[in-house]
Amino acid sequence: MKTKILFASLLATAFVSTMAAQDSKAFLGRWDLTVTPSTGKAYPQWIELKENGGKMEGRVQPRGGGWHPIAGAHLESGKLIVDLGETGAAASTTWELTTPSAGKLTGIEKRGDAADGLTIAGAKAPSLDRPMPKAWTKPRPLFDGKDLKGWEPIGNVENNKWIARNGELVNDNPETPGRRGPGAANIKTTEKFQDFKLHIEVNCPEGGNSGIYLRGRYELQVGTEGGKLPSHEMGAIYSHYPPPAGSELGLGKWTSFDVTFVGRHVTVLRDGKMYHDNVEIPGPTGGALDSNESEPGPFFLQGDHHGVIAYRNITISVPKK
């Protein structure tokens with residue numbers, strides 16, 4: 001009798017473990033998220049979840065800055081409880097996530113035991129696995145050097161410092177010695193793009209910080225964040241891929257970037273030198289406009305940091321139809 005009870009207990013345990021594993025599989029993969037606070041505008045994030053040796057692990061992209069690993073995740077009553085592992089908070093931050101249907105994600109955020117008013121909606125990130133186009137259109141200018149036609153400020157538009165000057169697109173937001181200037185507006189193209197070849201030249205002063213957002217979601221870093229993290233320095237795919245080891249910042253002078261972006265694979269040359277060779281960008285970087293990865297998006301240039309940043313000779317090619 002005891003043998004039968006023990007066997008039944010082991011069978012039940014195995015069944016529960018199998019069901020838990022099946023349930024956890026629904027959460028695995030990359031998810032594009034829209035986070036909506038109780039007040040204010042919704043903003044994009046993303047999370048990637050994997051299973052390793054029976055344990056859930058992953059990484060999350062916050063609203064700004066770089067991605068970081070989660071502290072852990074476990075199933076509880078059909079919900080996935082994700083410990084975001086954020087430091088400096090008075091109480092731990094967790095997400096309670098459910099999958100109401102295949103490829104969809106919903107949830108709430110908690111600080112300690114209490115919900116903080118944030119709601120989360122997500123969809124499985126698309127693969128964006130597309131072949132390289134066989135032919136491209138002739139490059140055409142996105143900036144005519146005379147005015148801001150085809151561009152519009154976003155963000156802190158009341159403090160827009162973008163001007164056309166001497167054939168350059170300039171964020172005229174100088175720093176006061178010893179004190180950074182106020183955050184100014186960003187600027188984006190009114191036109192949206194899917195796959196493309198971009199040529200752009202930039203002159204970023206010493207200590208300056210800007211960025212070129214591809215489709216408005218993926219940042220090619222311009223300038224410096226102090227040198228502590230190579231993946232946050234000039235020419236990096238922000239937080240994902242640093243520039244080649246030993247690359248100079250090259251601040252205070254003109255430098256060029258040639259970017260080929262197809263699907264989520266990007267190749268970047270700086271002044272003719274290979275920086276990133278057909279690397280995959282796993283998800284939107286901090287500061288992205290949205291998380292709608294399957295859709296075309298604009299280019300946007302950061303102006304909300306600091307420094308008089310100048311851009312020129314901005315041209316675009318797209319796949320021939």
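Derivation of every value follows stated rules applied to the coordinates shown; laboratory data play no part. Model, not experiment: these values are computed from the prediction. With ideal geometry, Cβ positions are generated from the backbone for all residues, glycine too; neighbour counts draw on all protein chains shown.
The value given for the chain is a Kirkwood hydrodynamic radius of 21.6 Å, derived from the mean inverse Cα-Cα separation.
In this structure, the amide hydrogen of residue 193, modeled 1.01 Å from its nitrogen in the peptide plane, lies closer than 5 angstrom to those of 297, counting only residues at least 5 positions away or on a different chain.
In the calculated pair-distance distribution of the stretch 50-99, the portion above 18 angstrom amounts to 32 percent of the Cα-Cα pairs.
Determine the shape class of the stretch 74-230: with a ≥ b ≥ c the square roots of the Cα gyration tensor eigenvalues, call it rounded for a/c under 1.5, and otherwise prolate if a/b is greater than b/c, oblate otherwise. Oblate, because a/c is 1.5 or more while a/b does not exceed b/c.
Cα gyration tensor of the stretch 24-124, axes a ≥ b ≥ c as square roots of the eigenvalues: rounded (a/c below 1.5), prolate (a/b > b/c) or oblate? Rounded.
Are there trypsin sites (Lys or Arg not before Pro) in the stretch 116-216 that DSSP puts in a loop and that have at most 13 other Cβ atoms within 10 Å, and which ones? Don't skip to the end; give the middle numbers.
Numbers: sites: 124, 134, 146, 149, 161, 165, 179, 180, 188, 192, 197, 215; in loops: 134, 146, 149, 161, 180, 192, 215.
Here the trypsin sites (Lys or Arg not before Pro) that fit, given the DSSP loop and packing criteria, are 134, 146, 149, 180, 192.
Answer rounded, prolate or oblate for the stretch 140-317, using the Cα gyration tensor with square roots of eigenvalues a ≥ b ≥ c: rounded when a/c is under 1.5, else prolate when a/b is larger than b/c, else oblate. It is rounded, given that a/c, with a ≥ b ≥ c, falls under 1.5.
Loop sites by DSSP among the GluC sites (Glu not before Pro) of the chain, restricted to those with at most 11 other Cβ atoms within 10 angstrom, leave 1-205 as the longest stretch without any of them.
Computed from phi, the 3J(HN,Hα) profile of the stretch 94-106 under the Karplus parametrisation 6.51, -1.76, 1.60 (θ = phi - 60°) reads 10, 10, 9, 10, 10, 10, x, 7, 4, x, 10, 9, 9 Hz, with x in place of Gly and Pro.
Local charge for residue 29 was computed over the other residues whose Cβ lies under 10 Å away, with Lys and Arg +1 and Asp and Glu -1, and equals +3. Normalised by the number of residues in the chain, the mean separation of alpha-carbon contacts (under 8 Å, six or more apart) gives a relative contact order of 20 percent.
Which angle from 0 to 90°, rounded to the nearest 10, does the C-alpha axis of helix 2-25 make with the longest principal axis of the chain? Tilt of helix 2-25: around 20 degrees. Here residue 191 and residue 231 are evaluated by their C-beta separation; at R0 = 30 Å the FRET efficiency comes out at 0.55.
What separates the Cα centres of the stretch 97-119 and the stretch 27-84 is a distance of 10 Å.
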